[in-house]
1. Compute the Cα gyration tensor for the chain, then decide on rounded, prolate or oblate, letting a ≥ b ≥ c be the square roots of its eigenvalues: rounded whenever a/c is under 1.5, prolate when a/b is larger than b/c in the other cases, and oblate in all that remain.
2. Per the helix-only calculation at 222 nm, which mean residue ellipticity applies to the chain, given -39500 (n - 2.57) for every DSSP H run of n ≥ 4 and division by its residues, nearest 500 deg cm²/dmol?
3. Using a 10 Å cut-off on Cβ atoms, rank the peptides 41-50, 65-74, 171-180, 219-228 from the highest mean neighbour count down.
4. With both partners inside the chain, how many of the DSSP beta bridges are antiparallel, as a percent to the nearest 5?
5. Among 119, 102, 164, which comes first, second and so on when ranked by fewest other beta-carbon atoms within 10 Å?
6. How much net charge surrounds residue 69 when only the other residues with a Cβ under 11 Å from the Cβ of residue 69 are counted, with Lys and Arg +1 and Asp and Glu -1?
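Just so it is clear, none of the values below were taken in a lab; they were calculated from the coordinates. Computed from a predicted structure; not experimentally measured. Counting neighbours? That spans all protein chains shown, and the Cβs are built from the backbone with ideal geometry, glycine included.
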Amino acid sequence: MSGHAQRPTEPILSVRDLRVSFRGQGGEREVLHGVSFDVHAGETVAIVGESGSGKSTTAAAIINLLPGTGKVTGGSVTLEGRELTKLTRHEIEDVRGKDIGFVPQDPMASLNPVWSIGFQVKEAVRANGLASGRGEVRDRAVEVLKQAGLADADRRLHQYPHQFSGGMRQRALIGIGLAADPKLLIADEPTSALDVTVQRVILDHMASLTRDRGTAVLLITHDLGLAAERAEKIIVMNGGDIVEAGPSREILENPQHPYTKRLVGAAP
Ligand code: ADP
Ligand code: MG
């Protein structure tokens, strides 16, 4: 190598002082109070915290898909130098299709009930531009579903979401999230509905992506044990704030914040 010191790599995702509010009868209610963190290539970062702490809102704000009256009221989200909160709807859809894969928390709400599973996966495959011809797109769709743990994917392409079990729907969504071979995969409680064996298959697959392709993963989970097992870094959220963040081992072995201490104490 040449003489100069190695520069630390730029993060793929940089979230700075992110604020989100929802409007309700009582007026505006801020639910994210200035959240900041980075995710680097090839790294898995977990966000943990109890229900209602703001994990899903953080994910939704990053990909510009806040539900209902949700609005980003401050801060920035930067993906490889591109400010996402300023993009038009069309531009952000392009980013979601190609650069960020998203596995949402609720599999039934996120699959379109009137389109076959195969159609929805093929749409995602087409979005990445890696496959074009009909056969090629189909083969790739089968491949991503198999990668997501759906063994009999070939037979099931023509089926509709209501013909899938909850676990199969979740696997289909994970396939869709991975179809575009994204730089960043955001997975919101991706395996909480699945049995332990399938959970393992899918999380192992996500781990192989970070290893082989340098995919960055933002793994959202209420399960601190799972976070510690799967992520290098853990971000602990409580009440819309990050109360503590650091290498998983440090969080687990030497938690600083009282809330984290409680979480660690409660983990099996
Ligand atoms: P988590 O994913 O950690 O369980 P959420 O991000 O879903 O937490 O919720 C954070 C806060 O935002 C909660 O107080 C919740 O009530 C509020 N919230 C989430 N979605 C909506 C919505 N669509 N309308 C109003 N408030 C919401
Ligand atoms: Mg959630």
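1. Working: a/c = 1.40, a/b = 1.36, b/c = 1.03.
Since a/c stays below 1.5, the shape of the chain is classed as rounded.
2. On the way: 11 runs with 104 residues, N = 268.
Theoretical 222 nm ellipticity from helices: -11000 deg cm²/dmol.
3. On the way: 41-50: 22.2, 65-74: 13.9, 171-180: 26.3, 219-228: 20.4.
The densest-packed peptide leads the list: 171-180, 41-50, 219-228, 65-74.
4. Numbers: 25 of 42 bridges.
Within the chain, antiparallel bridges account for around 60 percent of the total.
5. Details: 119 15, 102 22, 164 19.
By the 10 Å Cβ count, ascending: 119, 164, 102.
6. Values: positive: 23, 29, 71; negative: 28.
Here the charged neighbours net out to +2.
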